[in-house]
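J.: One structure, pasted below without further comment.
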Amino acid sequence: MTDIKHGDIVLAAKGITKRYPGLVANDRIDFEIKAGEIHAILGENGAGKTTLMSILFGLVQPDEGEIYAFGKKVHFRSPLDAIDLGVGMVHQTRKLIPAHTVLENILLGHPKAGTILDMKRAGEEVAQLCKHYNYPLDLNAKVWHLAEGEKQMVEIFKALYRGAKVLIMDEPTSALAPPETEKLLESIQVMTRDELAIVPFITHKLPIVLAVSHRVTILRRGQVVARLDTKQSTEQSLAREMVGRDVIFRLERGKAARGRSILRVENLSAFDDKGAQALTDVSFDVHEGEIFGIAGVSGNGQQALAEVLAGLRKAKSGRVLFDDAEISHLTSLQRWQKGIGYIPAEQRTVGSIGNFSLVENMLMNYHFDDAFSKWGFLNEKKARQLTEALIAEYGVATPSPDVKARGLSGGNLQKLILARVFSRKPRLIIVNLPTQGLDVGATEFVQNKLLEARKSGAGILLISEDLDEILALSDRIAPIYEGKFMDVIPAESAVRETIGALMAGLEKKAAA
Amino acid sequence: MKLGRYQIKLEKKSGFTGWQAAVISIVAILFALFLVGFIFLQAGVDPALGYQEIFSYAFLNPFGLPLTLNRAVFLLFCSFAFIVPIRAGLWNIGMAGQAYAGALGAFAVALALGAKGSQTPSLPGGALVGLMILGAMLGGMAVGAIPGILKGKFNTNEIVTTMMINFIMFWLVAYMIKEGGPFMGSGGEGEGFKLTESVRPPLFKDTPFTLWVSLALAALLYILFARTKIGYQIRAFGSSPAAARYAGISPVKISLLVFVAGGLLAGLAGYHYFAAVPGLYKIPKNYGDFGDLAFYGIICGLISQGNPLASIPLALLFGGLTNGGRFVQGKLQLGFGIDYALLGVVMIILVAFQFFFRYRIILKKAEKEN
Ligand SMILES: Nc1ncnc2c1ncn2[C@@H]1O[C@H](COP(=O)(O)OP(=O)(O)OP(=O)(O)O)[C@@H](O)[C@H]1O
Ligand SMILES: [Mg+2]
């Protein structure tokens with residue numbers, strides 16, 4: 001396989017069709033990837049991107065269609081077949097074992113691992129690989145010590161070490177902080193430049209697509225609607241092809257009457273899961289009709305803060321007041337009932353239950369509601385009606401409310417969770433990464449929903465890594481770094497660069 | 001895995017429906033019976049004859065059938081005791097200990113109110129029966145609460161705690177009925193005391209009333225999981241503890257609840273066999289056999305995939321096999337315990353079948369190494 005030249009077609013799909021009960025996820029798709037190119041797949045939530053990539057990796061069997069690898073017709077019965085032929089995939093949800101070292105994780109499941117376990121030689125080879133791509137990795141570090149971006153690279157090196165010539169990445173940057181994203185993209189570019197690694201990657205972030213990809217394939221409702229050269233595209237044109245209409249990238253924040261303080265946090269400190277101090281002496285308040293934005297790179301204590309406020313984590317010290325009454329000791333159930341709504345960042349493991357139907361998932365925030373049960377029996381009809389109404393209102397793409405949440409695409413699941421929490425009309429909304437995995441249209445929709453809630457008087461604590469999102473929505477902005485607020489800045493006087501620097505811990509708080 | 005020139009791979013298949021699962025179970029059971037046929041051959045017995053004896057005694061014989069039913073009801077209560085916690089993702093393997101606790105609870109009430117031997121108790125029989133049942137439930141609940149609290153509060157492994165409590169309860173029963181405890185019978189034969197006439201519950205259609213209770217409970221539990229709020233909370237916790245916690249469901253409450261309920265159900269099993277089955281009305285010498293039988297509640301619960309209705313035919317089958325197996329062992333002079341051999345093989349085959357149907361085995365020629 002050494003005779004592949006730049007520009008050769010290395011992986012091709014012809015007439016791929018995949019049907020799920022009630023919908024066609026991929027509809028006669030033709031698709032090809034050339035050696036040395038970065039190929040972006042774009043499409044709205046539920047357009048069928050993940051399905052197509054899973055088929056190319058042998059995870060999902062197509063109903064119709066053929067796959068060609070390096071010019072030969074192939075039949076992938078499982079990912080093992082795909083890996084044998086040099087196709088690797090990096091999933092959005094990582095599959096590394098945290099307690100093992102980087103090297104062990106890279107070797108784990110390697111076809112040769114059973115027969116020759118020459119750790120020393122393997123280590124040297126992997127180190128060579130890292131050096132080649134200019135991405136230093138401590139091979140003996142335990143994986144749980146690593147930052148998200150480094151874990152992502154471990155996954156990539158794992159695939160490369162197995163001889164991947166084609167690397168498929170599903171939303172590789174959605175869990176990464178901006179600097180990590182840049183580093184990752186640099187490495188990807190190096191890979192395609194001098195080697196023959198080919199990276200069809202999926203993302204919703206149009207600037208990234210424009211910056212690094214060579215070609216773009218756009219899917220809409222399971223069909224290919226456009227194949228473009230990136231050079232000839234703009235953010236506007238890509239969005240138009242994806243959605244089928246013009247998308248306005250502007251939000252009307254408008255004015256909202258700032259009411260009295262609804263959430264008060266005093267000197268809050270908390271530990272993370274590993275017992276390390278995650279949050280140190282944080283104090284702030286959120287008012288009715290206000291969006292209080294916490295800007296920070298993931299892993300700087302936002303998660304612990306959100307969990308403490310939602311009643312899912314014990315604070316080490318400090319107080320939390322809601323409506324002027326202390327709630328530090330209340331359970332999560334009591335907080336829901338008081339009108340505090342929490343939208344977690346972990347949509348698959350915390351925000352939803354995969355093997356429950358959408359109706360049952362809706363009940364996650366309604367089972368305790370007296371309007372939805374009588375004599376201990378749940379009112380299923382009512383739950384179904386609510387689910388159907390919200391599916392329609394939020395445009396969740398699904399054939400029926402009886403499908404399992406597992407079957408929803410990432411963006412559609414996020415819409416369902418948001419719809420569920422918003423429908424309770426909480427007076428305080430704690431929302432962590434609200435638009436992760438959402439397409440441009442849905443992002444706009446969700447951001448407008450947050451503004452609507454603000455207008456109707458809810459207080460909103462918005463946690464995000466996306467500086468644009470923070471700047472567009474927040475009334476006040478608190479950059480967070482290593483568990484401390486670096487400052488609290490009113491939106492009027494917020495300067496993008498300053499906040500970016502504070503998020504990176506570069507400047508100390510100016511005034512106490 | 002490599003096997004000569006072939007490479008074997010396992011691949012998990014997506015879930016299958018309840019009906020498919022039922023068909024798989026039936027085929028597996030038939031296959032297991034076929035295999036055990038070889039054991040019969042080995043012993044010089046025609047398998048067809050062996051099975052005919054087992055099944056006709058277990059399900060047709062006027063003496064055998066009631067025994068089968070009594071065992072089936074005991075098993076059914078035990079499988080409920082397993083099913084309720086397993087729907088919350090927790091493993092109750094303490095049915096034996098909880099059933100013993102139920103028996104002790106019931107007999108403690110009887111003893112306290114003078115329903116021992118030929119005494120005349122102070123209360124009317126009906127009221128006493130009710131109190132004994134209550135005692136059985138409380139006994140089971142108390143013993144079930146221990147692993148529940150330990151799990152909920154300290155996340156102690158429930159398999160270990162329930163297992164340990166089995167041993168403790170086994171020895172507690174031994175003490176109570178033969179080593180000097182207050183439940184000793186008058187004969188000094190190492191058995192518990194016998195209940196007076198008036199607290200022996202009446203039979204309905206020639207079967208203990210507990211049979212009807214167990215069937216009603218199957219339906220109730222089914223509805224509980226399918227329709228009620230608490231059933232929903234248990235299932236949510238069983239599917240994803242983190243998501244359930246997010247949804248305001250307390251892990252402590254659910255752990256405690258399912259184990260207390262499990263203990264209650266197993267306690268009823270103890271009441272049923274020792275206080276409601278005709279001809280017994282005491283904790284017998286061989287009470288340990290029932291502890292062994294209780295473990296088959298796990299198998300029933302697992303095969304039925306946590307569905308209380310589906311465990312009815314399974315309990316009936318296992319009750320019949322143990323009963324009929326024991327019978328042919330005596331009748332055909334077999335030199336081994338055919339009842340447990342049968343159950344053991346059925347169990348292994350069932351588990352193996354579940355595995356093979358969940359995974360697809362791929363056999364492909366290993367590629368030549370270059
Ligand atoms: N296992 C499944 N069972 C049923 N339906 C499924 C399954 N997997 C995907 N689907 C459906 O197929 C469609 C395409 O899903 P896919 O995950 O490919 O979308 P996507 O383009 O990756 O979307 P997103 O941007 O939200 O990740 C969706 O409507 C989804 O609900
Ligand atoms: Mg996707």
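The values are calculated or read from the model by the stated rules, or taken from the named source; none is laboratory data. Keep in mind that what you see is a predicted model, and the values were worked out from it rather than measured. Cβ: placed from backbone, ideal geometry, glycine included. Neighbour counts: every protein chain shown. Heavy atoms of the whole protein, side chains included, go into the accessibility calculation; ligands, DNA and RNA do not. Shrake-Rupley method; radii C 1.70, N 1.55, O 1.52, S 1.80 Å.
J.: What number comes out for the charge environment of residue B:214, summing +1 per Lys or Arg and -1 per Asp or Glu over other residues with Cβ under 15 Å away?
T.: Numbers: positive: B:71, B:205; negative: none.
Around residue B:214, the charge tally is +2.
J.: For the pair residue A:237/residue A:252, report the inter-label distance in nm, with labels modelled 7 Å from Cα in the Cβ direction.
T.: 3.0 nm
J.: Note the angle between two axes, namely the Cα long axis of helix B:251-271 and the longest principal axis of the Cα atoms of chain B, as a number of degrees from 0 to 90, rounded to the nearest 10.
T.: 60 degrees
J.: Quick one: what Rg and Dmax do you get for segment A:456-500 from the alpha carbons, in Å?
T.: Cα radius of gyration and Dmax of segment A:456-500 are 10.5, 33 Å respectively.
J.: Need one number: buried accessible surface between chains A and B, 1.4 Å probe, both sides summed, DNA, RNA and ligands left out, in Å² to 100.
T.: On the way: alone 23540 and 17820 Å², together 39080 Å².
Accessible area lost upon association: around 2300 Å².
J.: Which whole number gives the average, over all residues in A:372-380, of C-beta atoms from other chains lying within 10 Å of the residue C-beta? Intermediate results must be reported in sequence, preceding the final value.
T.: Values: counts 1, 5, 1, 2, 6, 7, 7, 2, 3.
That average works out to 4.
J.: Nearest 0.05, what FRET efficiency do residue A:225 and residue A:277 give at R0 = 45 Å with Cβ-Cβ as r?
T.: Details: r = 50 Å, r/R0 = 1.11.
FRET efficiency, residue A:225 to residue A:277: 0.35.
J.: Something else: Relative contact order for chain B: what percent, with Cα pairs under 8 Å and sequence separation of 6 or more? Present the calculation step by step, with values, prior to reporting the outcome.
T.: Working: 627 pairs, mean separation 127.8, N = 370.
Averaging sequence separation for qualifying contacts and normalising by length gives 35 percent for chain B.
J.: Same structure, new question: Taking the Cα atoms of the protein assembly as shown, what is the range of coordinates along each of the three principal axes, in descending order and whole Å?
T.: Cα extents, longest axis first: 97, 73, 51 Å.
J.: Sticking with this structure for a sec: Take the eigenvalues of the Cα gyration tensor for segment B:173-324, scale each by 5, and report the square roots as semi-axes in whole Å, largest first.
T.: Values: eigenvalues 234, 73, 43 Å².
Three semi-axes, in Å: 34, 19, 15.
J.: To two decimal places, what compactness ratio does segment A:23-88 give when its Cα radius of gyration is scaled by 2.2 N^0.38 Å? Walk me through the numbers before you get to the answer.
T.: Working: Rg = 12.0 Å, N = 66, 2.2 N^0.38 = 10.8 Å.
Cα Rg divided by the expected 2.2 N^0.38 Å: 1.11.
J.: Write down the Å³ per residue value for the convex hull defined by the alpha carbon atoms of segment B:45-161. Display every interim value, and only then the final one.
T.: On the way: hull volume 20.7 nm³, N = 117.
That works out to 177 Å³ per residue.
J.: Let me ask you something else. Going by accessible area, probe 1.4 Å, with all protein chains left in place, what is the ranking of A:24, A:126, largest first? Write out the running numbers ahead of the final one.
T.: On the way: A:24 65, A:126 0 Å².
Highest to lowest solvent-accessible surface, that is A:24, A:126.
J.: With only alpha-carbon atoms counted, please give the Rg and Dmax of segment A:256-388, in Å.
T.: 16.9, 47
J.: While we're looking at this one, here's another question. Can you give the FRET efficiency for residue A:319 and residue A:59, using 1/(1 + (r/R0)^6), R0 = 41 Å, r = Cβ-Cβ distance, to the nearest 0.05? Before the final figure, lay out the partial values.
T.: Working: r = 48 Å, r/R0 = 1.18.
My answer for the efficiency is 0.25.
J.: Roughly how many Å is it from the Cα centre of segment B:307-322 to that of segment A:133-158, as a whole number?
T.: 52 Å
J.: Over the protein assembly as shown, give the accessible area per residue in Å² for a 1.4 Å probe, as an integer.
T.: Working: 39080 Å² over 882 residues.
For the protein assembly as shown, the solvent-accessible area averages 44 Å² per residue.
J.: Among B:206, B:289, B:46, whose mean-square fluctuation peaks in a Gaussian network model of chain B (Cα, cutoff 10 Å)?
T.: Of the options given, B:206 has the highest mean-square fluctuation.
J.: Subtract the Cα-Cα distance of residue B:222 and residue B:340 from 0.36 nm times their separation in residues, and report this length gain in nm to one decimal. Can you show the working numbers first?
T.: Working: separation 118, 0.36 × 118 = 42.48 nm, distance 2.97 nm.
Between residue B:222 and residue B:340, full extension yields an extra 39.5 nm.
J.: Roughly speaking, to the nearest percent, how much of segment A:115-227's 1.4 Å accessible area is carbon and sulfur? Could you put the intermediate results ahead of the total?
T.: Details: 2580 of 5070 Å².
Carbon and sulfur together cover 51 percent of it.
J.: If one takes the longest principal axis of the Cα atoms in chain B, at what angle in degrees, from 0 to 90 and to the nearest 10, does the Cα axis of helix B:95-112 lie?
T.: 10 degrees
J.: Right, next: Among the listed pairs A:274/B:151; A:49/A:131; A:415/B:153; A:5/A:72; A:425/B:229; B:116/B:178, which have their C-alpha atoms separated by more than 27 angstrom in this model?
T.: Numbers: A:274/B:151 21 Å; A:49/A:131 32 Å; A:415/B:153 35 Å; A:5/A:72 16 Å; A:425/B:229 22 Å; B:116/B:178 16 Å.
Distance filter (> 27 Å) returns A:49/A:131; A:415/B:153.
J.: I would also like to ask the following. Between segment A:221-287 and segment A:1-60, how far is it from one alpha carbon centroid to the other, in angstrom?
T.: Answer, in whole Å: 29.
J.: Check each of the chymotrypsin sites (Phe, Trp or Tyr not before Pro) in segment A:225-300 and keep only those in coil by DSSP with at most 14 other C-beta atoms within 10 angstrom; list them in order.
T.: Sparse-neighbourhood loop chymotrypsin sites (Phe, Trp or Tyr not before Pro): A:249.
J.: Using only the alpha carbons of segment A:9-243, determine the length spanned along each of the three principal axes and report them from longest to shortest in whole angstroms.
T.: Cα spread of segment A:9-243 along its principal axes, largest to smallest: 49, 37, 32 Å.
J.: In addition: Could you tell me the convex hull volume per residue, in Å³, taken over the Cα atoms of segment B:262-320?
T.: 94 Å³
J.: Compare the peptides B:69-77, B:296-304 by average per-residue count of other Cβ atoms within 10 angstrom and give them in order, highest first. Let's see the in-between values first.
T.: On the way: B:69-77: 26.9, B:296-304: 25.0.
The most tightly packed comes first, giving B:69-77, B:296-304.
J.: To continue, here is another question. Over chain A, what is the relative contact order in percent, taking alpha-carbon pairs closer than 8 angstrom and at least six residues apart? Please report the intermediate quantities before stating the final value.
T.: On the way: 1003 pairs, mean separation 80.0, N = 512.
Value for chain A: 16 percent.
J.: What is the diffusion coefficient of chain A in µm²/s, taking the Kirkwood radius over Cα pairs and the Stokes-Einstein relation at 37 °C with a viscosity of 0.692 mPa s?
T.: Values: Rh = 24.4 Å.
The diffusion coefficient I find is 135 µm²/s.
J.: Quick one: compute a quarter of the convex hull surface over the Cα atoms of segment A:357-512 and quote it in nm². Each step should come with its number before you reach the end.
T.: Details: hull surface 44.8 nm².
It is 11.2 nm².
J.: Another one. How long are the three semi-axes of the equivalent ellipsoid of segment A:353-424, in whole Å, if each is the root of 5 times an eigenvalue of the C-alpha gyration tensor, listed from largest down?
T.: Numbers: eigenvalues 80, 29, 21 Å².
They are 20, 12, 10 Å, listed largest first.
J.: Taking the Cα-to-Cβ direction at residue A:397 and at residue A:326 and moving 7 Å from each Cα, how far apart do the two end points lie in nm?
T.: Between residue A:397 and residue A:326, the label points sit 5.0 nm apart.
J.: Round to the nearest 0.05 the FRET efficiency obtained for residue A:374 and residue A:456 when R0 = 30 Å and r is the Cβ-Cβ distance.
T.: Values: r = 29 Å, r/R0 = 0.98.
My answer for the efficiency is 0.55.
J.: Going by the alpha-carbon gyration tensor, a ≥ b ≥ c the square roots of its eigenvalues, is segment A:239-318 rounded (a/c under 1.5) or, if a/c is not under 1.5, prolate (a/b greater than b/c) versus oblate?
T.: Numbers: a/c = 3.55, a/b = 1.63, b/c = 2.18.
In terms of gyration-tensor shape, oblate.
J.: So, one more: Sum -39500 (n - 2.57) across every DSSP H segment of at least 4 residues in chain A, then divide by the residue count to get the 222 nm mean residue ellipticity, nearest 500. All intermediate terms of the calculation are to be shown ahead of the outcome.
T.: Working: 16 runs with 162 residues, N = 512.
About -9500 deg cm²/dmol.
J.: Ranked highest first by the average count of other Cβ atoms within 10 Å around their residues, in what order do A:473-482, A:375-384 fall? Show your work: numbers first, answer last.
T.: Working: A:473-482: 22.1, A:375-384: 15.1.
Top to bottom by mean Cβ count within 10 Å: A:473-482, A:375-384.
J.: Which whole number gives the average, over all residues in B:243-255, of C-beta atoms from other chains lying within 10 Å of the residue C-beta? Kindly include the intermediate steps, with their values, before the conclusion.
T.: On the way: counts 13, 3, 7, 16, 14, 14, 6, 3, 0, 1, 2, 0, 0.
Partner Cβ neighbours, averaged per residue: 6.
J.: Rank B:295, B:107, B:38 by mean-square fluctuation in a GNM of chain B with C-alpha springs under 10 angstrom and give only the top-ranked residue.
T.: Looking only at B:295, B:107, B:38, the biggest GNM fluctuation is shown by B:38.
J.: While we're looking at this one, here's another question. For segment B:67-331, what D do you get in µm² per second when you plug the Kirkwood radius from alpha-carbon pairs into Stokes-Einstein at 4 °C and 1.567 mPa s? Mind dumping the intermediate values first?
T.: Numbers: Rh = 18.5 Å.
Answer, rounded: 70 µm²/s.
J.: So what's the angle, to the nearest 10 degrees on a 0 to 90 scale, between helix B:338-358 and the longest Cα principal axis of chain B?
T.: Here the helix axis deviates by roughly 40 degrees.
J.: Running a GNM on chain B with Cα contacts under 10 Å, which residue among B:127, B:218, B:96 ends up with the highest mean-square fluctuation?
T.: Result: B:127 has the largest fluctuation of those listed.
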